[in-house]
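Read the structure below first, then the notes.
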Amino acid sequence: MRALTWQGKRNVRVDTVPDPHIKDPADIIVRITSTGICGSDLHLYEVLGPYLDPGDILGHEAMGIVEEIGAEVASLEPGDRVVIPFNISCGNCFMCERGLQSQCETTQVRERGTGAALFGYTKLYGQVPGGQAEFMKVPFGNTLPIKVPEGPGDERYVYLSDVLPTAWQAVEYAAIPPGGTVTVLGLGPIGDMAARVALHRGASLVVGVDLVPARLSRAAARGVEVMNLRTYGKGLADAIRELTDGRGTDAVIDAVGMEAHGAPVVKASQWLTGHLPDAIAGRVMEHAGVDRLGALYTAIDVVRRGGTISLAGVYGGAMDPLPLLTMFDKQIQLRMGQANVKRWVDDILPLLNDEDVLGVEGFATHTMPLADGPKAYEMFQHKSDGMVKTLLKP
């Protein structure tokens, strides 16, 4: 089959690789019909090379048609249409029963001290082949895949793999009070969708912050009060307080993570780490890594006293300095973590009806063949051609 593989820093390509085969009687094989490129895929493209091997198959936002089932799979049959959650969870362990599928005790990568395994996402999370490919082997066929109806196009459902549950959890963790206010930092796919979810769930004011005009325009069209960080600069927090009786918003969703702009010294250290031999770079990241924390510091400044910060953007530093005095003084609540995909599916599915409340139809700015995957990664990294969300078609 053809699959998009990692080859090195800023180097991915489409290769011919062996077809996946059923190994466990609960496995299924899915023929992929749509697969997304996620903002966190750019971490693999840019800084997480020490945890990848050339030839690793990327991607964790996939859906398709069941081609083959293992002997113990009773809930699906060939021809069924399914979405594959990005975190690999058994559905039956202590954590899964409590809606914490991202901490699944069956698939935790214990040798790395990390949570549930993820599709297409490095040795830190199991080094499991991903979904930017023609076919994909999926374990736990009775409990993990999300069966979806025939009829509407893939774009109606593919975001159940990651974007929708990640955005939904970000809003849930933000604990916005009824009619309350929230700032969303970063209007990439997750931030954009989180803003939509917050408005749908009754926020009276959603402030969206970004640097990219196309992203700002897109969010403004959905009713978001947008602010260009290049325009407001260090006055951003004051401008948001002016909109909220001098307090700041009830909540802030950081949908940027370690890709934040600024912090040139940290950026330089990340660049240097990326040029070390993998074995050394991995140890540096795990024991001395520092993120670019511009977005998180902004969130701490913007949120009102007694408010909540929800981290949806990925951070990976082991030695990140936090202004705990300010956080304690402001009585800030902080929630974070990988989305527990299966926990939120029942809440989200009713919104993917003919009314398309969240605007998933047309959410992708680009649809490209799998063969153009390398070009798509480069475009996404540079935010060129108005690219916000891309779906690849194997």
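The values are calculated or read from the model by the stated rules, or taken from the named source; none is laboratory data. Computed from a predicted model, the values in this text were never measured in an experiment. Methodologically, a virtual Cβ is constructed for each residue, glycine included, from the backbone with ideal geometry; neighbour enumeration extends over all protein chains shown. Side chains included, ligands, DNA and RNA excluded: accessible areas come from the protein's heavy atoms. Shrake-Rupley method; radii C 1.70, N 1.55, O 1.52, S 1.80 Å.
Can you find a residue that is farther than 27 Å from G223 by Cα, aliphatic (A, V, I, L, M), assigned to a helix (DSSP H, G or I) and modelled with pLDDT of 95 or more anywhere in the stretch 355-371?
Taking the stretch 355-371 as the starting set, the residues that turn out to be farther than 27 Å from G223 by Cα are 368-371.
Filter once more, keeping what is aliphatic (A, V, I, L, M): 368, 370-371.
After this cut, where a residue has to be assigned to a helix (DSSP H, G or I) as well, the list is 370-371.
Imposing the further condition that a residue be modelled with pLDDT of 95 or more reduces the set to 370-371.
Scanning the stretch 355-371, I find at least one residue that is farther than 27 Å from G223 by Cα, aliphatic (A, V, I, L, M), assigned to a helix (DSSP H, G or I) and modelled with pLDDT of 95 or more, so the answer is yes.
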Every residue from the stretch 220-237 that is in a helix (DSSP H, G or I) and exposed (fewer than 13 other Cβ atoms within 10 Å of the Cβ): R230, T231, G233, K234, G235
Meets criteria (modelled with pLDDT of 95 or more and either within 24 Å of the chain's Cα centre (by Cα) or assigned to a helix (DSSP H, G or I) (or both)) for L272: no
Subset of the stretch 139-184 [over 24 Å from V207 (Cβ atoms), open to solvent by 30 Å² or more (accessible area, probe 1.4 Å) and not in a loop (DSSP other than H, G, I, E, B)]: K147, E155
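Looking at the stretch 101-133, which of the residues that are assigned to a loop (DSSP other than H, G, I, E, B) and open to solvent by 60 Å² or more (accessible area, probe 1.4 Å) is nearest to A62 (Cα to Cα)?
Ranking the candidates gives P129 first.
Considering each of T33, T5 in turn, give the residue that is open to solvent by less than 30 Å² (accessible area, probe 1.4 Å) and part of a strand (DSSP E or B).
Values: T33 fails: open to solvent by less than 30 Å² (accessible area, probe 1.4 Å).
Step by step, each of T33, T5 is checked, and only T5 is open to solvent by less than 30 Å² (accessible area, probe 1.4 Å) and part of a strand (DSSP E or B).
Quick one: is L199 open to solvent by less than 20 Å² (accessible area, probe 1.4 Å), of a type in the set (A, V, I, L, M, F, W, C) and in contact with a strand residue (DSSP E or B) (Cβ under 8 Å, 6 or more places away or on another chain)?
Working: open to solvent by less than 20 Å² (accessible area, probe 1.4 Å): no; of a type in the set (A, V, I, L, M, F, W, C): yes; in contact with a strand residue (DSSP E or B) (Cβ under 8 Å, 6 or more places away or on another chain): yes.
Here the answer is no, as L199 does not meet what is asked.
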Residues of the stretch 11-30 that turn out to be among the β-branched types (V, I, T) and either touching a helix residue (DSSP H, G or I) at 6+ places or on another chain (Cβ under 6 Å) or buried (at least 20 other Cβ atoms within 10 Å of the Cβ) (or both), as a count: 5
Subset tally (residues that are open to solvent by 10 Å² or more (accessible area, probe 1.4 Å), in contact (Cβ under 8 Å) with a residue 12 or more places away in the chain and part of a helix (DSSP H, G or I)) for the stretch 202-219: 5
Counted residues, the stretch 52-100 - those being open to solvent by 50 Å² or more (accessible area, probe 1.4 Å) and among the polar types (S, T, N, Q): 2
Residue check for V388: crowded, with 19+ Cβ neighbours inside 10 Å and under 16 Å from the mean Cα position of the chain (by Cα): yes
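Per-residue answers, yes or no, for (1) in contact (Cβ under 8 Å) with a residue 60 or more places away in the chain; (2) out of contact with any Asp or Glu (no Cβ under 7 Å at 6 or more places or on another chain):
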residue: V14; (1), (2): yes, yes
residue: D19; (1), (2): yes, yes
residue: V30; (1), (2): yes, no
residue: E46; (1), (2): yes, yes
residue: E61; (1), (2): yes, no
residue: G64; (1), (2): yes, yes
residue: G79; (1), (2): no, yes
residue: P85; (1), (2): yes, yes
Within the stretch 302-324, tally of residues that are surrounded by fewer than 20 Cβ atoms within 10 Å (Cβ to Cβ) and either at pLDDT 95 or above or on the phi > 0 side of the Ramachandran plot (or both): 2
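Is it fair to say P323 is without any contact (Cβ under 8 Å) to a residue 60 or more places away in the chain and either under 21 Å from G153 (Cβ atoms) or among the charged types (D, E, K, R) (or both)?
no
Would you point out which residue out of A299, A339 is modelled with pLDDT of 90 or more, of a type outside the set (F, W, Y), in contact with a strand residue (DSSP E or B) (Cβ under 9 Å, 6 or more places away or on another chain) and outside any helix (DSSP H, G or I)? Explain how you work it out, then say what you get.
Working: A299 fails: outside any helix (DSSP H, G or I).
Going through A299, A339 in turn, the sole match is A339.
Do the conditions hold for V184, that is, is it touching a helix residue (DSSP H, G or I) at 6+ places or on another chain (Cβ under 8 Å) and closer than 30 Å to E68 by Cβ? I'd like the intermediate steps shown before the answer.
Working: touching a helix residue (DSSP H, G or I) at 6+ places or on another chain (Cβ under 8 Å): yes; closer than 30 Å to E68 by Cβ: no.
It is false that V184 is touching a helix residue (DSSP H, G or I) at 6+ places or on another chain (Cβ under 8 Å) and closer than 30 Å to E68 by Cβ.
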